[in-house]
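Only one structure is covered here, and it is reproduced in the block below.
The values are calculated or read from the model by the stated rules, or taken from the named source; none is laboratory data. Source: prediction; values computed, not measured. Positions of Cβ are backbone-derived with ideal geometry, glycine not excepted, and every protein chain shown enters the neighbour counts. Protein only, heavy atoms only, side chains kept; ligands, DNA and RNA dropped before computing areas. Shrake-Rupley method; radii C 1.70, N 1.55, O 1.52, S 1.80 Å.
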Amino acid sequence: MDQKTDMKSLTFGELKAALIDMGEKPFRAAQVYQWMHQKLAGSFDEMTNISAELKGKLAERFTYTCLTPVQVQESKLDGTKKFLFRLADDNVVESVYMRYHHGISVCISSQVGCRMGCRFCASTLDGLERNLTPSEMLDQIYAISRYTGERVSNVVVMGTGEPLDNYDNLVIFLKLLNDERGLHISQRNITVSTCGIVPNMRRLADEKLQITLALSLHATTDEKRKRLMPIANRYSLSEVLAACAYYFEQTGRRITFEYSLVGGVNDTDQDAAELSEIASGLCCHVNLIPVNPIKERDYVQSAKARIAAFREKLERNKVTVTVRREMGRDIDGACGQLRRRHIENA
Ligand code: SAH
């Protein structure tokens, strides 16, 4: 028998073609697709209007991705929940559920580990294990919906991994997530965050999706950025900013700049002045993130007053800016910390 196909990563058209190839009527594809992507079935067995015979044939030909939570931590402060999911090959990934006034937002991982090496980030400490499939990205959202019984309205690809280092799977995932036959999450409610892989930022722009692109900027000069993010050795700030401008031109979507404030490293008045300059050149929004210290590095958060002064300086320069609310401070906060702790304790 050939290798099985990952059914939940197929587009509707691909699933239909596969079922017709098996001698099934096209309407079966609509039923199965609906079970997977709308009713969020956890297995073939749950598909009650599918005959036992067809379920057997499906199981012979396809694998069915379904993530199981191995750990759920819930914040007593704001209801944020961190999920650790086990994948079929026993790798684990983490996802976060956040409740905002505008609905439920889920932050998902795009890879097991990461090879980008950002100095302040816990996700990258052990390097990249493998890419996630489209179905493994989707099922983080589906599993959270199954667990909470709530509809997810916003998705941010800001967990472990570099989404633009897993480009093809990311784009399939985005299309499945937005499909009206599935959860139909509006493209405008989806954000993809990148450390700045320039060629793939441009490719994503050419897909002409209405998703928000967030760039992890974190520094205003090449020299400083290289100290925090190895990717800056590959692509200069001017190339990255030109790719942001191109994304805006192609999609009309305002860019988000993420700027993690690291005490004594990138939080001076001069940094704020330079950031204002960069932000003024482009239709954007700046999101300041007080760095979440990890024990493997000695980076510290900027003092509260410094964060406020930095923000005011940007505001005085007419930059649209928000300081990210620190959700779930009482549970393993920063990206990749829950997974790391799990691996360390295994
Ligand atoms: N690889 C993607 C998405 C994952 S990280 C990217 O680089 O954008 C999501 C955001 O959190 C990025 O801006 C990242 O730089 C930031 N981040 C990672 N670890 C952090 C930490 N310990 N404190 C603050 N921000 C952090």
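Annotation: of all residues in region 62-106 being under 23 Å from residue 189 (Cβ atoms) and hydrophobic (A, V, I, L, M, F, W, C), the one that is surrounded by the most Cβ atoms within 10 Å (Cβ to Cβ) is 93. Could we say that residue 3 is open to solvent by 50 Å² or more (accessible area, probe 1.4 Å) and under 19 Å from residue 169 (Cα atoms) here? So residue 3 passes the test. Of everything in region 129-176, what is without any contact (Cβ under 8 Å) to a residue 24 or more places away in the chain and not in a helix (DSSP H, G or I)? Give them in sequence order. Selection gives 149 alone. Of all residues in region 140-157, those being under 17 Å from residue 192 (Cα atoms) and either within 9 Å of the ligand (Cβ to nearest atom) or open to solvent by 10 Å² or more (accessible area, probe 1.4 Å) (or both) number 4. The set of residues from region 305-332 being open to solvent by 70 Å² or more (accessible area, probe 1.4 Å) and at pLDDT below 95 comprises 324, 325, 326, 329, 330.
Within the option set 137, 116, being under 16 Å from the mean Cα position of the chain (by Cα) and either aromatic (Phe, Trp, Tyr) or open to solvent by 20 Å² or more (accessible area, probe 1.4 Å) (or both) holds for one residue only, 116. For residue 8, the requirement of being at negative phi, assigned to a helix (DSSP H, G or I) and open to solvent by 60 Å² or more (accessible area, probe 1.4 Å) is not met.
List every residue pair whose Cβ atoms lie under 6 Å apart, where the two residues are 6 or more positions apart in sequence or sit on different chains, the first residue falls within region 183-199 and is within 19 Å of residue 216 (Cα to Cα), and the second residue, located anywhere, is charged (D, E, K, R) and at pLDDT 95 or above. Pairs found: 195/162; 198/239.
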